1. Just order 166-172, 90-96, 108-114 by mean Cβ neighbour count inside 10 Å, highest at the front, would you?
2. Taking Cα pairs under 8 Å and at least six residues apart, what relative contact order does region 22-105 come out at, in percent?
3. Per residue, how much accessible area does region 1-153 show when a 1.4 Å probe rolls over the protein heavy atoms, in square angstrom?
4. What percent antiparallel are the DSSP beta bridges of the chain, to the nearest 5?
5. Over the chain, with every protein chain in place, what whole percent of the accessible area is carbon and sulfur at 1.4 Å, could you tell me?
6. Over region 63-140, calculate the relative contact order: mean separation of alpha carbon pairs under 8 Å at least 6 apart, over the residue count, as a percent.
7. Based on the alpha carbon coordinates of region 67-196, what radius of gyration and maximum Cα-Cα distance (Dmax) apply, in Å?
8. So how strong a dipole does the chain carry about its Cα centre when Lys and Arg Cβ are +1 and Asp and Glu Cβ are -1, to the nearest 20 debye?
Amino acid sequence: AISRPTVQAAGERMKLSVAAYSFRNHFRYMKEKERTPAEPAMDMRQFIDFCSSCGATGAELTSYFFPPKTDRNYFRGIRKYATGKNIAISGTAVGNNFSLEPAAERKTQMAYVKSWIDHAVTMGAPHVRIFAGKKKKDTSEKLADKLVIEALEEACDYAGQRKIHLGLENHDSIATAERLIRLLKAVDSKWLGINLDSGN
């Protein structure tokens, strides 16, 4: 008799992508503010160079570290540069807060997320990491969930039109797997998944 393995290996090996956030102290800009970076200082192109030199196949270009007032031409240039280095832009990441009230504050956060969905399209990145955010002290858990779910639904509608996946990270107010899964199921969109942060 011929024995066969019960589990077959996947056809494609897992690919390694490095997050720019891992080098957060080395970038000149942090959320559009200039600062003195740690050495060795780097910009996004130098970070892509690092990813290439260490054998990675991808790079997550965290939004915090881009220069202020970047435009579509800048993001097109980053895409072209990464392609030349054989580095796929695996995604980008934003530091949004969908737990805020009043609605005007959430509207500002939504505009921020949508702008980075558009930047992801320009860079050829298929994924944007997002947060539920931290609620204010006087906001109940029930209301925070409602606010987050409504915002995620709107963000997913926008992302889906552009074929961009959103990854909800277990961060800020999401302290348990139960809440993370509850939000995911409530939104019920194929454009929303989990971006698991094992450090949280």
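1. Values: 166-172: 19.7, 90-96: 22.3, 108-114: 16.0.
Top to bottom by mean Cβ count within 10 Å: 90-96, 166-172, 108-114.
2. Working: 97 pairs, mean separation 26.1, N = 84.
So the answer I get is 31 percent.
3. Numbers: 9170 Å² over 153 residues.
On a per-residue basis, 60 Å².
4. Details: 2 of 21 bridges.
That works out to approximately 10 percent antiparallel.
5. Values: 6150 of 11820 Å².
Exposed carbon and sulfur together represent 52 percent of the surface.
6. On the way: 87 pairs, mean separation 30.5, N = 78.
For region 63-140, the relative contact order is 39 percent.
7. Looking at region 67-196, its Cα Rg and Dmax stand at 15.2, 50 Å.
8. Working: 31 positive and 23 negative charges, 72 e Å.
About 340 debye.
The values are calculated or read from the model by the stated rules, or taken from the named source; none is laboratory data. Being a predicted model, the structure only gives us computed values, none of them experimental. Heads up, the Cβs are rebuilt from the backbone with ideal geometry, glycines too, and the neighbour counts pull from every protein chain shown. Remember, those area values only see protein heavy atoms, side chains included, never the ligands or the DNA or RNA. Shrake-Rupley method; radii C 1.70, N 1.55, O 1.52, S 1.80 Å.
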